[in-house]
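**Student:** The structure is given below, and queries will be raised subsequently.
The values are calculated or read from the model by the stated rules, or taken from the named source; none is laboratory data. Keep in mind that this is a model prediction, so the values were computed, not measured. Cβ coordinates were reconstructed from backbone atoms using ideal geometry, including for glycine residues, and neighbour counts include every protein chain displayed. All accessible areas refer to the heavy atoms of the entire protein, side chains included, with ligands and DNA or RNA removed. Shrake-Rupley method; radii C 1.70, N 1.55, O 1.52, S 1.80 Å.
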Amino acid sequence: ISIVFTAFIFLAVVTLYPAIKAGQTLFSYFQFFSFPLAITFKVDYLSFYLGLLISFIWFLAAFYSPGYMAGEGAKNRYYSFLLFAEGGCLGTVFAGDLLGLFLFFEFMALTSYVLVIHDEKPQSMFAGAKYLYMTIGGGLAIFFGMIIIYHLAGSINFTRAGLIGEASNLSLAAFIALVLGFGLKAGMFPVHIWLPDAHPAAPSPVSALLSGVMIKTGIYGIIRVFFNIYGLAFFQNVEWTKILLAISAVTILLGSALALLQDDLKRRLAYSSITQIGYIILGISLLTERSLTGGLYHIFTHAFLKGLLFFCAGAIIVQTGKRKISEMEGIGLQMPLTMIFFSIASITIIGIPPFNGFISKWQLCLAALEAEQPLFVVVLIASSLLNAAYYFPVIITAFFSKRTTGERKPYLKSSFIAVSGPPAVPENTLNSDQPSRQEAPWHMLLPMAVLATGCVIFALLPTNWPLKLVKATVHILF
């Protein structure tokens, strides 16, 4: 049911494209019986772009989930809340005002909490509690900022750019509150501390969604704050963006440095997500068309590559029971397709051409030079080197390190049957250096293959369709 529903939702979002391409903005209106404000829905280029990305990655996660969840309990709860969380994400990006965005944003955060604590282990409950309390704090910050905006402007609708006309202490307080609230969900420094615990604790399909698309709802909120609540002309007369530029640099370097220290594969991927969010915040804060193009394109790039990386990590955990990178010697021979896909995503995230990661980083570097901020080019290059430093060792360990002879074979957990002990191995192979093949089942490999193809194919086609959509979105915003 969840696979069919997520497929239907994706196709429904696709059907909006002709109207969006024709320059239309779609509106809907919902009035509560006793609520003082109405909730509106709006689909423009920006919300369509993110809605399309969210619904596609969600469909792949639902398709992937049966293989990962075969040995897990509470499946009905898992799939139910998977759909609830998707509704929250799509409601967030299709909201036509700050109130609707806030309500769906909170709904998404609360339903995803249930997914984070799915296995109900102590470490998951701890990670979930940190995520929940910080989410509540972020929601209160957004609510505080929303009240100030309504007080100053008399409106919180996204119908025009620049609801706030002049700088004041109140408008600055609202800006800080909104950026902190949305930045918390995005995983921005210094409110990122929930992310390295929540992502590893959640089931891997949920980790892929949390990192690939859910944290982008926080980025979406920041974009709306910049271009709809305050407006580009407002920020050209104040220096508030310097705060976010500094935060983006710290976020980029801190995430990369902390990722280097992690032996748990999913924790390394989680810290890497913090770095990628720093790239996107940098693209927003430079306030140029090229920088926003790089930032928005990196949303697409990161959704594909980080979804793929967490899918690969989930397949490794299911098939071998291993999470630590130091224990993955020879796993590239056991699971060659999975590790080939992991390698493609790793090369993409480093920014090696012609993969998608190169396109977004190239745009950000050029934007930094155009804005006379060459220091950020150095930050981006340093971050790419750090990316290589913590992704290449995983690949080298997997493909080029040999297992110790006679080591206990890892247990095999198939897509629907869990085997508690090691698989039977003929006596004449016990001392073989060649590990047994334990590739993931096809319904886990297929979503990985789709995302791996997406990491490179768009850069090789004559027309890069996601980049074309991003440029159209940026043109409308500016």
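**Student:** Looking only at the stretch 250-291, how many residues end up being within 17 Å of ALA186 (Cβ to Cβ) and free of Cβ contacts under 8 Å to residues at least 24 places away in the same chain?
**Tutor:** Residues in the stretch 250-291 being within 17 Å of ALA186 (Cβ to Cβ) and free of Cβ contacts under 8 Å to residues at least 24 places away in the same chain: 0 in total.
**Student:** Continuing with this model, one more query. Show the residue pairs that are 6+ apart or on different chains and have beta-carbon atoms under 9 Å apart, the first residue being within the stretch 451-462 and touching a residue at least 40 places away in the same chain (Cβ under 8 Å), the second being part of a loop (DSSP other than H, G, I, E, B).
**Tutor:** Sorted first by the residue in the stretch 451-462, then by its partner, the pairs are CYS455/PHE355; VAL456/PRO354; VAL456/PHE355; PHE458/ASN464; ALA459/PRO353; ALA459/PRO354; ALA459/PHE355; LEU460/PRO354.
**Student:** Exactly one of these conditions fails for PRO66: (1) touching a His at 6+ places or on another chain (Cβ under 9 Å); (2) under 30 Å from THR293 (Cβ atoms); (3) not hydroxyl-bearing (Ser, Thr, Tyr). Give me its number.
**Tutor:** (2)
**Student:** So is LEU180 within 21 Å of TYR390 (Cα to Cα), part of a helix (DSSP H, G or I) and open to solvent by 10 Å² or more (accessible area, probe 1.4 Å) or not?
**Tutor:** Working: within 21 Å of TYR390 (Cα to Cα): no; part of a helix (DSSP H, G or I): yes; open to solvent by 10 Å² or more (accessible area, probe 1.4 Å): yes.
Considered against the rule, which asks whether it is within 21 Å of TYR390 (Cα to Cα), part of a helix (DSSP H, G or I) and open to solvent by 10 Å² or more (accessible area, probe 1.4 Å), LEU180 comes out as no.
**Student:** Another question, then. Filter the stretch 24-67 down to residues that are closer than 26 Å to VAL318 by Cα and among the polar types (S, T, N, Q) and give me whichever is modelled with the lowest pLDDT.
**Tutor:** Across the stretch 24-67, the extreme among qualifying residues is SER65.
**Student:** Also, quick follow-up: Go through the stretch 135-189 and count every residue that is basic (Lys, Arg) and either touching a strand residue (DSSP E or B) at 6+ places or on another chain (Cβ under 9 Å) or under 19 Å from LYS216 (Cα atoms) (or both).
**Tutor:** Keep residues of the stretch 135-189 that are basic (Lys, Arg), which gives 160, 185.
Among the residues that remain, those that are also either touching a strand residue (DSSP E or B) at 6+ places or on another chain (Cβ under 9 Å) or under 19 Å from LYS216 (Cα atoms) (or both) are: 185.
The number of residues fulfilling the criteria is 1.
**Student:** While we're looking at this one, here's another question. What are the pairs, 6+ residues apart or on separate chains, where a residue within the stretch 118-135 that is basic (Lys, Arg) has its Cβ under 9 Å from a residue that is open to solvent by 30 Å² or more (accessible area, probe 1.4 Å)?
**Tutor:** Pairs found: LYS130/ILE193; LYS130/ASP197.
**Student:** Shifting gears a bit: Going through the stretch 158-172 one residue at a time, which ones are at pLDDT below 85 and closer than 14 Å to VAL225 by Cβ?
**Tutor:** PHE158, ALA161, GLY162, LEU163, ILE164
**Student:** Quick check: is even one residue across the stretch 235-252 at pLDDT below 90, more than 15 Å from the chain's Cα centre (by Cα) and closer than 23 Å to ASP97 by Cβ?
**Tutor:** yes
**Student:** Among the residues of the stretch 61-84, which ones are of a type in the set (A, V, I, L, M, F, W, C) and more than 14 Å from the chain's Cα centre (by Cα)? Reasoning before the result, please.
**Tutor:** Initial filter on the stretch 61-84 (of a type in the set (A, V, I, L, M, F, W, C)): 61-63, 69-70, 74, 81-84.
Listed by number, the residues that qualify are ALA62, PHE63, MET69, ALA70, ALA74, PHE81, LEU82, LEU83, PHE84.
**Student:** So ILE274 passes all but one of these: (1) of a type outside the set (Ser, Thr, Tyr); (2) surrounded by fewer than 24 Cβ atoms within 10 Å (Cβ to Cβ); (3) more than 19 Å from PHE341 (Cα to Cα). Which condition number does it fail?
**Tutor:** Of everything listed in (1) of a type outside the set (Ser, Thr, Tyr); (2) surrounded by fewer than 24 Cβ atoms within 10 Å (Cβ to Cβ); (3) more than 19 Å from PHE341 (Cα to Cα), ILE274 misses just condition (2).
**Student:** Could you check, for the stretch 328-341, whether at least one of its residues is farther than 24 Å from HIS443 by Cβ, open to solvent by less than 10 Å² (accessible area, probe 1.4 Å) and of a type in the set (A, V, I, L, M, F, W, C)? Reasoning before the result, please.
**Tutor:** First, the residues of the stretch 328-341 that are farther than 24 Å from HIS443 by Cβ: 329-330.
Still in the running and open to solvent by less than 10 Å² (accessible area, probe 1.4 Å): 330.
Those left that are additionally of a type in the set (A, V, I, L, M, F, W, C): none.
No; the residues of the stretch 328-341 include none that is farther than 24 Å from HIS443 by Cβ, open to solvent by less than 10 Å² (accessible area, probe 1.4 Å) and of a type in the set (A, V, I, L, M, F, W, C).
**Student:** Let me ask something additional. Here are ALA345, ALA303: which of them is under 30 Å from HIS475 (Cα atoms), modelled with pLDDT of 90 or more and touching a Gly at 6+ places or on another chain (Cβ under 7 Å)?
**Tutor:** On the way: ALA345 fails: touching a Gly at 6+ places or on another chain (Cβ under 7 Å).
Just one listed residue meets the conditions, ALA303.
**Student:** Of the conditions (1) among the acidic types (Asp, Glu); (2) closer than 22 Å to PHE56 by Cα; (3) in contact with a strand residue (DSSP E or B) (Cβ under 9 Å, 6 or more places away or on another chain), ASP97 clears all except one; give me its number.
**Tutor:** Only one criterion is unmet by ASP97, namely (2).
**Student:** Would you tally the residues in the stretch 183-202 being open to solvent by 10 Å² or more (accessible area, probe 1.4 Å) and not in a helix (DSSP H, G or I)?
**Tutor:** Restricting attention to the stretch 183-202, the residues satisfying the condition of being open to solvent by 10 Å² or more (accessible area, probe 1.4 Å) are 184, 189-193, 197, 200-201.
From the residues that got through so far, the ones that are not in a helix (DSSP H, G or I) too are 189-193.
Selection size over the stretch 183-202: 5.
**Student:** Residue pairs, Cβ under 7 Å, 6 or more apart or interchain, first in the stretch 336-352 and without any contact (Cβ under 8 Å) to a residue 24 or more places away in the chain, second in a helix (DSSP H, G or I) and open to solvent by 10 Å² or more (accessible area, probe 1.4 Å). List them.
**Tutor:** Short answer, once both residue conditions are applied: ILE352/PHE358.
**Student:** Failed condition for VAL379, given (1) open to solvent by less than 70 Å² (accessible area, probe 1.4 Å); (2) at pLDDT below 90, with all others met?
**Tutor:** (2)
**Student:** Tell me which residues, restricted to the stretch 13-31, are in a helix (DSSP H, G or I) and hydrophobic (A, V, I, L, M, F, W, C). Before the answer, list the steps.
**Tutor:** Step one: list which residues in the stretch 13-31 are in a helix (DSSP H, G or I), which gives 13-14, 17-21.
The answer is VAL13, VAL14, ALA19, ILE20.
**Student:** If you check every pair at least six apart or on different chains, which have Cβ atoms under 9 Å apart with a residue in the stretch 292-321 that is in contact (Cβ under 8 Å) with a residue 24 or more places away in the chain first and a residue that is among the acidic types (Asp, Glu) second?
**Tutor:** Close Cβ pairs (under 9 Å, with a partner that is among the acidic types (Asp, Glu)) amount to ALA315/GLU439; GLN319/GLU439; THR320/GLU327.
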